[in-house]
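Colleague: Encoded as structure tokens, here's the structure I'll be asking about.
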Amino acid sequence: MKTPTHQAWNPTSWQTRPAQQQPTYRDRAALDAVVGQLAKLPPVVVSWEIENLREQLAAAQRGERFLLQGGDCAESFDDCESDKITKRLKILLQMSLVLTHAMKRPIIRLGRMAGQYAKPRSADTETRDGVTLPSYRGDIVNHADFTPESREPDPKLLLRGYERAALTLNFIRALIDGGFADLHHPEYWDLGFVGHAELKGEYERIVSSVADGLEFFETISGKEVHQALRAEFFASHEALVLHYEQAQTRFIPRQNRWYNLSTHMPWIGMRTAQIGGAHVEYCRGISNPVGVKIGAAMDAGWLQELVTTLNPQNIPGKLALIHRFGAKDVEASLPKAIQAVRATGHSVLWICDPMHGNTETSQSGLKTRRFENITRELDLSFRIHNELGSHLGGVHIELTGEDVTECTGGARGLSDMDLQRAYKSTVDPRLNYEQSLELAMLIGEKARAPQRRRQA
């Protein structure tokens, strides 16, 4: 296998490589001024939090923990509201409670939030009624309104993205520090789900079981289970707009390493994962755990070079491969990917993204995903990893804590006709809170199946 050769790395070395999916800023001086300002502002996260996450991801690689990564396809600046942030946190906490109960192991909570403001696009421009304008690339780049002014990339939006990321994560920290995520009181996390959904009984049984378990332990020990009182929470986003990531990249002397302090775990999408490209160049130099989306178009050689380039020292918890093949391709593609990585001698954290490979267009013209295809890809992924002696250590889900109708199926049996009732996403369809919690219950069941077979 070819071993890549690299120049000396620094936070700007990515600028010497081909950079895909980057906005074109007309005023370079304005961009440089914003990047300089961002570089002086306090970081959104700190290095010890990042190292804590890496250690937990290493445990997930070993099968000792499980990763739940979830949130919006693309955050909106307008969604930086206490109620909406709280709802997203609630559904992730609910899902993690269900998974903890089913798997009997700690769950790592990693939000697609506090920085997920940019999205890759299939084309640089969009044409409507004979008018061609730059594509909408997320609130950190430009605005969704189809006007020349709105679609012009504005470097000042990088500052607004930083501000909203910091506000979002600090609010989450305040909620958790204030006891919002106390496992003694999971009833605080109610989203209205348990009042009417078909899965009401099962969720209430899980909540009761957790409460009884904590009470029993504290009774016999004579003290509170302090380590279980608070649920840790980490943030992640796609490291797409590289000027933003560069600006928040700092050298930490006591660690003697570089860190991206805009998030705990950045990831690289399929469209920007080229060997020799700017995104891989940037991510190879930071000490954060890094995720990479992989699909059917990624052959063995490409995948192997990514693994050895992004984690040459084979550090546990450093590299996560997020496979997103789709239900129809996972059986053919996932075994090849597992075998390719195994041939490198490197260990990675395998994560299943059952969303992106299952996107389709409804009869009404709206992008959607079928719940049955999402669950099928998850089911097949668990089975394939188990059969090949590998380990699926996490899931990556696009979801919201709101009552949207963007994905069909689930316990309520949403159809294509239901989509227009509450379709709010400006980019990709998300699971609503009921579908998300139902999925968590199904994931817990699938994760338990191999263990039950070993015990039989």
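All of the numbers you see were taken from the coordinates with simple rules; none came from a lab. Because the structure is predicted, anything quoted here is derived from the model rather than measured. We place every Cβ from the backbone using ideal geometry, glycine too, and count neighbours over all the protein chains shown.
Colleague: With each run of n ≥ 4 DSSP H residues scored as -39500 (n - 2.57), what mean residue ellipticity at 222 nm is computed for the chain after dividing by its residue count and rounding to the nearest 500 deg cm²/dmol? Mind dumping the intermediate values first?
Modeller: Details: 12 runs with 177 residues, N = 456.
Helices in the chain give a 222 nm mean residue ellipticity of -12500 deg cm²/dmol.
Colleague: Contact order normalised by length for the chain, with contacts defined as Cα pairs under 8 Å and 6 or more residues apart; what percent is it?
Modeller: Answer for the chain is 21 percent.
Colleague: Right, next: Suppose every Lys and Arg Cβ carries +1 and every Asp and Glu Cβ carries -1, with no other charges. What dipole size does the chain come out with about its Cα centre, to the nearest 20 debye?
Modeller: 1480
Colleague: Taking each full run of DSSP H in the chain as one helix, which ones are at least 18 Å long along their axis (Cα atoms) and have mean Kyte-Doolittle hydropathy of at least 0.0?
Modeller: Numbers: long enough: 28-40 (19 Å, 0.57); 47-61 (21 Å, -0.65); 82-103 (31 Å, 0.38); 156-177 (32 Å, 0.44); 200-221 (32 Å, -0.11); 330-344 (21 Å, 0.36); 371-387 (24 Å, -0.74); 433-455 (33 Å, -1.03).
Those that clear 18 Å and a mean of 0.0 are 28-40, 82-103, 156-177, 330-344.
Colleague: Please give the contour-minus-distance gain from S135 to S364: 0.36 nm per residue of separation, less the Cα-Cα distance, rounded to one decimal in nm.
Modeller: Values: separation 229, 0.36 × 229 = 82.44 nm, distance 2.24 nm.
Stretched fully, the S135-S364 segment lengthens by 80.2 nm.
Colleague: Tell me the net charge near L388. Cut-off is 13 Å between Cβ atoms, L388 excluded, with +1 for each Lys or Arg and -1 for each Asp or Glu. Intermediate results must be reported in sequence, preceding the final value.
Modeller: On the way: positive: K336, R342, R383; negative: E331, E387.
Summing Lys and Arg as +1 and Asp and Glu as -1 gives +1.
Colleague: Where in the stretch 1-96 are there GluC sites (Glu not before Pro) that are in a DSSP coil and have at most 13 other Cβ atoms within 10 angstrom of their Cβ? Before the final figure, lay out each step's value.
Modeller: Working: sites: E49, E51, E55, E64, E75, E81; in loops: E64, E75, E81.
Qualifying residues, ordered by number: E64, E81.
Colleague: Specify which residue in the list M417, S13, G201 is farthest towards the positive end of the charge dipole of the chain, using unit charges on the beta carbon of Lys, Arg (+1) and Asp, Glu (-1), about the Cα centre.
Modeller: Of the listed residues, the answer is S13.
Colleague: Using only alpha carbon pairs under 8 Å that are at least six residues apart, calculate the relative contact order of the stretch 1-108 and give it in whole percent. Spell out each step's value before the answer.
Modeller: Details: 33 pairs, mean separation 26.3, N = 108.
Relative contact order here is 24 percent.
Colleague: Give me the percent relative contact order of the stretch 26-171, please, defined on Cα pairs under 8 angstrom at least 6 residues apart. Walk me through the intermediate numbers first.
Modeller: Values: 165 pairs, mean separation 37.1, N = 146.
Across the stretch 26-171, relative contact order equals 25 percent.
Colleague: Right, next: Would you order T132, T308 from fewest to most other beta-carbon atoms within 10 Å of each residue's own beta-carbon?
Modeller: T132, T308
Colleague: Which of C80, C407 has the fewest other C-beta atoms within 10 Å, and how do the rest follow up to the most? Please report the intermediate quantities before stating the final value.
Modeller: Numbers: C80 20, C407 28.
Final ranking by Cβ density, sparse to dense: C80, C407.
Colleague: Using every alpha carbon pair in the chain, what percent of pairs falls into each 20 Å bin from 0 up to the bin containing the largest distance?
Modeller: With 20 Å bins starting at 0, P(r) equals 25, 60, 16, 0.
Colleague: I want the local charge near V35. Using Cβ-Cβ distances under 12 Å, sum +1 for each Lys or Arg and -1 for each Asp or Glu among the other residues.
Modeller: Values: positive: R28, K40, K156; negative: D32, E245.
Taking every other residue near V35 into account, the sum is +1.
Colleague: Over the stretch 13-455, what is the percentage of antiparallel beta bridges among all DSSP beta bridges, to the nearest 5?
Modeller: On the way: 12 of 45 bridges.
The answer is about 25 percent antiparallel.
Colleague: Continuing with the same structure: Based on DSSP loop calls and a cut-off of at most 12 other Cβ atoms within 10 Å, the longest stretch of the chain free of exposed trypsin sites (Lys or Arg not before Pro) is what? Let's see the in-between values first.
Modeller: Working: sites that count: K2, R26, K104, K223, R254.
After excluding every exposed loop site, the longest remaining stretch is 255-456.
Colleague: Express as a percent, rounded to the nearest 5, the fraction of DSSP beta bridges in the stretch 25-161 (both residues included) that run antiparallel.
Modeller: Values: 4 of 10 bridges.
Bridges in the stretch 25-161 are about 40 percent antiparallel.
Colleague: Rounding to the nearest 20 debye, state how big the charge dipole of the stretch 338-428 is about its Cα centre with +1 on each Lys and Arg Cβ and -1 on each Asp and Glu Cβ.
Modeller: Working: 9 positive and 13 negative charges, 32 e Å.
Computed about the Cα centre, the dipole is about 160 debye.
Colleague: By the scheme Lys and Arg +1, Asp and Glu -1, what is the net charge of all other residues having a beta-carbon under 14 Å from that of F66? Numbers along the way, then the final one.
Modeller: Values: positive: R62, R65, K104, R105, R109, K446, R448; negative: E64, E232, E445.
Computed value for this residue: +4.
Colleague: Modelled label-to-label distance, A8 and S209, 7 Å Cα→beta-carbon offset: nm?
Modeller: About 5.7 nm, to one decimal.
Colleague: With a Förster radius of 51 Å, plug the Cβ-Cβ distance of L388 and R26 into 1/(1 + (r/R0)^6) and report the FRET value to the nearest 0.05.
Modeller: 0.50
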